[in-house]
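Below: the structure, in structure tokens.
Values quoted throughout were computed directly from the atomic coordinates according to the rules given, and no laboratory measurement underlies them. Keep in mind that what you see is a predicted model, and the values were worked out from it rather than measured. Cβ placement follows ideal geometry from the backbone for every residue including glycine, while neighbour counts extend to all protein chains displayed.
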Amino acid sequence: MDFDFTQEEQAFRAEVRDFLAENLPPPAERGRGFMSEWLQKVRDKRWVGFSWPEEYGGGAGSLTEQAILKEEMALARAPALGTSFMGLAWVGPGIIQYGTDEQKQRFIPDILDSKVNWCTGYSEPNHGSDLAAIQTKAERVGDHYVVNGQKIWTTGAPWADWIILLTRTEFEVERKHDGITCLLVPMDTPGIEVRPIENMAGDSNFAEVFFTDVQVPVENRLGEEGKGWAVTISALANERSSIGEVTQMFAKLESLKNLVRTTTRQGRPASDDPSVRRRIGEFEAKIAAMKYNGLRYLTKQLRGEPLSSETSVNKLHRASLEIEMDDFAVELTGLAGVQLPGGDEAVDGGRWARSSLGWPGVVIGGGTPNIQRNIIAERILGLPKD
Amino acid sequence: MDFGFSEEQNLLREQVSRFMTDACPLSVVRAQNGGFPDELWRQAADLGWLALIVPEAHGGLGLKWIDLAVVLEESGRGLSPLPILSQALAATAIGRCSGDDVKSEWLPQIATGDVVFGVGLYDDPTWIDPKGVGLEGGETLTGAKPFVSDATRATHLLLATRNRERLGLAIVDAGDVTLKAQPGIDRTKPFASVSLDRVKPLAAFAMSTADLAYLTDCGAVAVTLEAIGAAEATMALTTEYAKTRIQFDNPIGKYQGVKHRLADMFIDIESFKSLAYYAAWAVDDAPEELPRAASLAKAYAADAFARIGIDGVGLHGAIGFTAEYDAQLYLKRSKWVRSAFGDADYHYQRAAALGGL
């Protein structure tokens, strides 16, 4: 057991820190052109797609270097390294693993250069958690697939350029996981209609997406016909819980402590209240557990041991913690806490109230907590499937 | 960066695991009432487990608490009645607080198992603070230590004393005190009350407030390490039952009410395991981080294992409540773990204070 980094790794951390000191001004000093310059600079460093192979424009960073980069970026509260979150998180890795050479050349550079936004067409009105039961139909006609059906809860669809789309090419199958085909489709293809849905926070960043006789060239198929489930699984596996998230959560905990220090409840400092102090301790224990879970799993990977579904552990912790921390802040500050940004008494500009409305969507998005529990119970503990 | 065990540590783990299965199964554990079979203590000593953290200069192996961690985890899995925890705590206390003469006399005997130590730090059942130490120190000791761990079969006792603000530790012969075994929920974690009447210590030395906190943290970490094994055993027992017990035409592990509870057990054990390993590493390699690490680990484990213990019995239904079935033994251990070396409430609040609140 050893928490030291090699000289090369320490040098890499220093390089990231120097870069940030030079290129990341405080938020107030970031002008209009900052974001595009930032994206170009991190792209030049090959830190976008840092885990991807060099031949496709990635940075070929080692697992430890990836962790260091994420940690330092989060410590500095740096903006994202690209604007296509899904493109970087799983579409790109999926194309690298399953795509043809032509697809890699066509799609990967645009993802790395933040030129295109991707969305993910998985859930359907009748099939969310039971994803493999999807019904959106893709029929092979000549050198095209003709797609008919509907997706829903498609985050980013209102502004996405492309969609990674899960369709069914075969309906008479023994296992519902067979007969699924993954297609890459431009969102401006005739026959696609996007209807935004307003969420509980008042945003409209997810949508219904309708497909009516949408023609998709065969060369836009990712992976083999009927084998799309494997592509999906590997895509979701790429959605790793990262060291960077833990760093952000420690920062959120510090903000929460500051709130406790400055809050008075019933005429007494909130920081004197044992139940308040205990909750802060509980949050810290769970975030620290995520940190050390992550380091144990990273060690397993570094030793070449296979990871099972342990990463669901941190996903579940994060899901409950983000909501609990927001709600704790809201409750701590009473009727002021429920005021949104713009309210005269809004706490910290209403950020806690606002944030508490957003997290439920994120938690459901990557597979609901109960689905994560099924995964742990079935894949790790070996319990029978539902 | 490597947050995993070495090959040697994994071999040690296998050795302890084999010992627990072959020589100290639950049938043996159940037969004890506040004690342990002598031959098992002898074997543990011969295998070097009692010498692990004793410095080489004093007849030990000179290893660290992170090595001891695998012994505690695996013996916890089988609810071992051997007082390895108290013995290790005595070794740590003497190694840290006493002078060379005391070390040279006692550490080699601890390493060989020729002496068996019981340990009594606090005399107030809930007060983890120097003021919780009540026995007055001096040339001779007179008074009471109501909570001395593993005292009933000990040859010697290590007792904390206090004179106003000055803390001390005294080694006394178990034959020189009046011992009264106390009936406890967990028979594998026996403790006794000790009364002393003008007892002359065999050795006495000063202990700082920081020393007391360090020893308490070591105790909390040790309890948590044992709890990893015990909680995993509870989960394994209950998972096996959930796979085979048929109700409503299905194994009950198919129902989400059962399988999700088992998944939650896994999540919690993974988490306090990570916290406990880090704390065990910190004991020797980052002592400045030990207080926070120990508190986070112990607090998480105390609450989580208590839930796991209750659900381990509960998910079995009535069979889990029987004396014959093993689930109850783990539930009893979880109740002891809750209070030992500070409960969750204490440790969570301490973590908040250490975090600047």
> What translational D, rounded to a whole number of µm²/s, comes out for the stretch A:122-280 from Stokes-Einstein when the hydrodynamic radius is the Kirkwood one over Cα pairs, at 4 °C and 1.567 mPa s?
Replying inline: 69
>> Could you tell me how many cubic angstrom of Cα convex hull volume the stretch A:256-332 has per residue?
In response: 76
> Measuring from label point to label point, each 7 Å out along Cα→Cβ, what is the A:N199 to A:S320 span in nm?
Replying inline: 2.2
> Once phi is turned into ³J(HN,Hα) by the Karplus curve 6.51 cos²θ - 1.76 cosθ + 1.60 with θ = phi - 60°, what whole-Hz value does each residue of the stretch A:114-119 show in order, with x for glycine and proline?
Replying inline: 6, 8, 10, 9, 10, 10
> Separation between the B:T155 and B:D284 pseudo-spin-labels, each 7 Å from Cα along Cα→Cβ, expressed in nm?
Replying inline: 2.5
>> Given 25 °C and 0.890 mPa s, compute D for the stretch B:111-203 with the Stokes-Einstein relation, Rh being the Kirkwood radius over Cα pairs; round to the nearest whole µm²/s.
In response: 186
>> Taking beta carbons within 10 Å but only from partner chains, what does the mean come to for residues A:301-313?
In response: 2
> Is the shape of chain B best called rounded, prolate or oblate, per the rule: a/c under 1.5 gives rounded, else a/b larger than b/c gives prolate, else oblate, with a ≥ b ≥ c the square roots of the Cα gyration tensor eigenvalues?
Replying inline: prolate
> How big is the Cα convex hull of the stretch B:255-323 in projection, averaged over all directions, in nm²?
Replying inline: 5.4
>> Net charge around A:I111, counting only other residues with Cβ within less than 12 Å of its Cβ (Lys, Arg = +1; Asp, Glu = -1)?
In response: +1
>> Can you give the Rg/Rh ratio of the protein assembly as shown, where Rg is from the C-alpha atoms and Rh is the Kirkwood radius?
In response: 1.02
>> Pairs on different chains or at least eight residues apart, Cα atoms closer than 21 Å: how many lysine pairs in the stretch B:117-207 fit?
In response: 6
>> Give the separation of the Cα centroids, the stretch B:85-100 to the stretch B:278-357, in Å.
In response: 24
> Which net charge results when you count Lys and Arg as +1 and Asp and Glu as -1 among the other residues whose beta-carbon is under 9 Å from that of A:I180?
Replying inline: +1
>> How large is the direction-averaged shadow of the alpha-carbon convex hull of the stretch B:213-357, in nm²?
In response: 8.9
> Counting only Cα, what are the radius of gyration and maximum Cα-Cα distance Dmax of the stretch A:241-380, in Å?
Replying inline: 17.2, 56
> In debye to the nearest 20, how big a dipole does the protein assembly as shown give about its Cα centre with +1 on each Lys and Arg Cβ and -1 on each Asp and Glu Cβ?
Replying inline: 1520
> Regarding chain A, what is the average projected area of its C-alpha convex hull, in nm²?
Replying inline: 22.2
> Can you give the FRET efficiency for B:M1 and A:F85, using 1/(1 + (r/R0)^6), R0 = 41 Å, r = Cβ-Cβ distance, to the nearest 0.05?
Replying inline: 0.90
> Helix-derived [θ] at 222 nm for chain A: sum -39500 (n - 2.57) over DSSP H runs of at least 4, divide by residue count, nearest 500?
Replying inline: -14000 deg cm²/dmol
> Ratio of Rg to Rh for the stretch A:7-82, alpha carbon only, Kirkwood?
Replying inline: 0.97
>> On a full-extension model of 0.36 nm per residue, what is the gain between A:A21 and A:R77, subtracting their alpha-carbon distance, rounded to one decimal in nm?
In response: 19.0 nm
> Straight-line reach from A:K300: which lysines have Cα under 24 Å away, leaving out those fewer than 8 places along the same chain?
Replying inline: A:K70, A:K286, A:K291, A:K315, B:K64, B:K273
> Based on the Cβ-Cβ distance of A:S129 and B:R245, what FRET efficiency does E = 1/(1 + (r/R0)^6) give at R0 = 41 Å, to the nearest 0.05?
Replying inline: 0.95
> In a shell of Cβ-Cβ distance under 15 Å around B:L107, excluding B:L107 itself, what net charge do Lys and Arg (+1) and Asp and Glu (-1) give?
Replying inline: -3
> Peptide A:1-12: average number of partner chain Cβ atoms within 10 Å per residue?
Replying inline: 3
> Of the listed peptides A:84-93, A:201-210, what is their order by residue-averaged count of other C-beta atoms within 10 Å, with the highest listed first?
Replying inline: A:84-93, A:201-210
>> Residue by residue through B:271-278, how many Cβ atoms from other chains fall within 10 Å of the Cβ on average?
In response: 6
> If you project the alpha carbons of the stretch A:178-237 onto the principal axes, what extent comes out on each, in Å, largest first?
Replying inline: 39, 31, 16
>> Can you compute the FRET efficiency between B:A236 and A:V173 using 1/(1 + (r/R0)^6), with r the Cβ-Cβ distance and R0 = 35 Å? Round to the nearest 0.05.
In response: 0.45
> Using 7 Å Cα-to-Cβ label points, what is the B:T126/B:S208 separation (nm, one decimal)?
Replying inline: 3.1
>> Using Cα springs under 10 Å in a Gaussian network model of chain B, which residue among B:T112, B:T244, B:T142 shows the largest mean-square fluctuation?
In response: B:T244
